[in-house]
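What follows is calculated from the coordinates using simple rules that are stated; it is not laboratory data. These numbers come from a predicted model, not from an experiment. As a convention, Cβ positions derive from the backbone with ideal geometry for all residues, glycine included, and neighbour counts pool all protein chains shown.
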Amino acid sequence: MTNRVAPTIPARAGVGLKPQHYRQILDDKPDIGFFEVHAENYMGAGGPPHRWLEAVRERHPLSLHGVGLSIGADRPLDSAHLQRLKALVERYEPGLFSEHLAWSSHGEAFLNDLLPLPYTEETLARVCEHADETQTIVGRRLLLENPSTYVIFAESTIPETEFLAEVVRRTGCGLLLDISNVVVSATNHGYDAAGYLARFPVAAVDEIHLGGFAIGEDDDRHPLVIDDHGSAIDPAAWRLCADALGRIGPAPVLIEWDNDVPEWPVLFGEARKADRLLREVRHAAAA
Amino acid sequence: MNRRSANIALASSLLAAFALMSVPATAQDSGKEKCFGVALKGQNDCAAGAGTTCAGTSKVDYQGNAWKYVPKGTCTTMKLPGDRMGSLEALARDVPKA
Amino acid sequence: MLPLRERQRAFAAALTDPELPVPTGVLGRNGRCDVRRFAVYRNNVTAGLVTALGDRFPVVRRLVGDPFFAAMARAYVAGHKPASPLLIEYGSSFPDFIAAFPPAAEVPYLADVARLEAAWTEAFHAAEASPLDPRAVPVEDLEETVLKLHPSLRLIRSPYPIGTIWAAHQGEAEPQPPAAWEPEELLVVRPDAEVLVHRLPAGGVAFAADLAAGVPLGAATAAACAAVPGFDLPYNLSGLFRSGAVIGFTRQEARP
């Protein structure tokens, strides 16, 4: 523990840590802001994943990103899972801890996808209750991530940005602004991404995500953008990211690449691009 | 053999077994790869699956009808010889003599 | 207005049953129901779990080929959703499913190979523990000594040479069939960073299973010798130590 760098995550670029890059990251000692991991992949009792993660954590700050808590589920949170998250936070001292505005468990089953929520007063109350419980048990401020969605619900009455702002107001949690999710949802539902961002409660944003997406078509031949994290960041997402950073100020920016993971230099190249963008934002603010 | 002499035989065979253990089971790993272990891909992530638009649309594809498939991997060269398709008799016949 | 509970029940039901229509009130653009959009979620669930199984059971996948494996995995996924968000644990009952899956019957050793692969990943993620140097065990009253075995230890016995088949699939080379179709007893353990698969002599699995269950050395040895004539105690016991499977010992109080 004593050999670790400080947990604080700088307003720099980081990347999602992939096992195929462990070796090279330890050998190259890249100049990078931080790494982020999906919490559930490090919930085994022991073994190589923990050995690698500890070695990376000694050299770099870490962000812990949960993908399985199901904060938006109607059913109660899984208390065993909350305890596992708490144990990971205590073990690795992540600088940031985040989860999704989504649900993924129903009844006894884990459905292994981040499923969309109807935005109603009932859902709002449930999400706030679960965010409170998470922050209390894990003992850390939670960052809640805006989702990428392919459908909407007839019963929704609250715009997503207002919904998120209200969760922040009621629970004191922060937000993880996923720029690519904004592009994906805006394209899929036919609204303006810049307008969404203008309404986003940016004061609560402590981290930004950028990931690749794939473009298909829906039944009506409208573009249907799939958030597959399987390619380089799209120029539209970079532009929106520059706009967001202009409003928010410098913040940690994470590159997500989970499918068709490239060689390390390609992924690191995306991070350097984000670092250049952050420098431009700083210069613009200073001017 | 009565119980007492059986015990003596056991004790001496255990002693003999321990006496034969010369190599202590200490980690003699060299190199970092062995020290950290295999870097297996994590299974949980927050991305949509690759090629997601079409794979889920076909009901047949989604449900999977394995009855129409025949195993066609390396098992085609790993066939059990003769008629010994895992019956209990074959098993008994295959137990090596002690 | 549809309560959240009802919404999620209907959504989850349609996700996992492709015969059901897209639930009412789930809309695409222009307020219309859109099958392709809902299919993204359907596919994420199924494709994600099929991929997870393929990654956990790579030798089973090679043995039967990708199309058969994908079909068998989909059939499993349809009836076996993960019970927890930890996908590292998903598929523990896949070997039993394979054993009862009629299309796989012509590969009778397939389920046992799957058991070995499941054991391998369990050992991979098991708790850490340091192997014990046998010289630390006092040789007095060995019969009453209870060995503590490694938390990663898994034992498998098969009527087929599944360890040999598994090992033949570890490299890129075209796997060769086993020279001898005989039963195999296997010990899987991760004493340090690497998961090791050892073949045990006859009776070795029952002996190690007794020790793992807390049976003292004397009683375990007596049982092994009774079950397998000519049970090779030195080989089995030193093998357990040399593989790193023993991590401690206690002394059982002598019985009156």
Among C:72, B:21, B:78, which comes first, then next, by fewest other beta-carbon atoms within 10 Å? B:21, B:78, C:72
Between residue C:5 and residue A:54, the FRET efficiency computed from the C-beta separation at R0 = 41 Å comes out, to the nearest 0.05, as 0.50
Assign unit charges at the C-beta atoms only (+1 for Lys and Arg, -1 for Asp and Glu), then state the dipole size of region A:13-286 relative to its Cα centre in Debye, rounded to the nearest 20. 1120 debye
Per 0.36 nm of contour for each residue apart, how much would the distance between residue C:235 and residue C:105 grow if the chain were fully extended, relative to their Cα-Cα spacing? 43.2 nm
Check: the protein assembly as shown dipole with +1 on Lys, Arg Cβ and -1 on Asp, Glu Cβ, in debye: 720 debye
Short version: what are the Cα gyration tensor semi-axes of chain C, square root of 5 times each eigenvalue, largest first, in whole Å? 46, 22, 15
Run a plain Debye calculation on region C:4-107 (Cα atoms as equal point scatterers, no solvent) and give log10 I(q)/I(0) at q = 0.14, 0.15 Å⁻¹, rounded to two decimals, same order as the q list. -0.63, -0.70
Which of C:102, C:38, C:129 sits closest to the plus end of the dipole of region C:1-132, meaning its Cα is farthest towards the positive end, when Lys and Arg get +1 and Asp and Glu get -1 on the C-beta? C:38
How far is it, in nm, from the label point at residue A:121 to the one at residue A:231 when both lie 7 Å from their Cα along the line to the Cβ? 4.4 nm
With a 10 Å radius around each residue's Cβ, average the other Cβ atoms per peptide and rank A:88-94, C:22-28, highest first. C:22-28, A:88-94
For residue C:148, give me every one of the aspartates and glutamates with a C-alpha distance below 17 angstrom, ignoring sequence neighbours fewer than eight places off in its own chain. C:128, C:133, C:192, C:210, C:253
Give me the percent of DSSP beta bridges within region A:1-128 that run antiparallel, rounded to the nearest 5. 25 percent
A chain fully extended from residue C:227 to residue C:172 at 0.36 nm per residue, minus the present Cα-Cα distance, gains in nm 15.9 nm
For the protein assembly as shown, compute the orientation-averaged projected area of the C-alpha convex hull (one quarter of its surface), in nm². 32.4 nm²
Round to the nearest 0.05 the FRET efficiency obtained for residue A:83 and residue A:217 when R0 = 41 Å and r is the Cβ-Cβ distance. 0.40
Among bridges DSSP assigns within the protein assembly as shown, what percent are antiparallel (round to 5)? 45 percent
Which trypsin sites (Lys or Arg not before Pro) in region C:10-44 pass both tests, a DSSP loop state and at most 12 other beta-carbon atoms within 10 Å? C:32
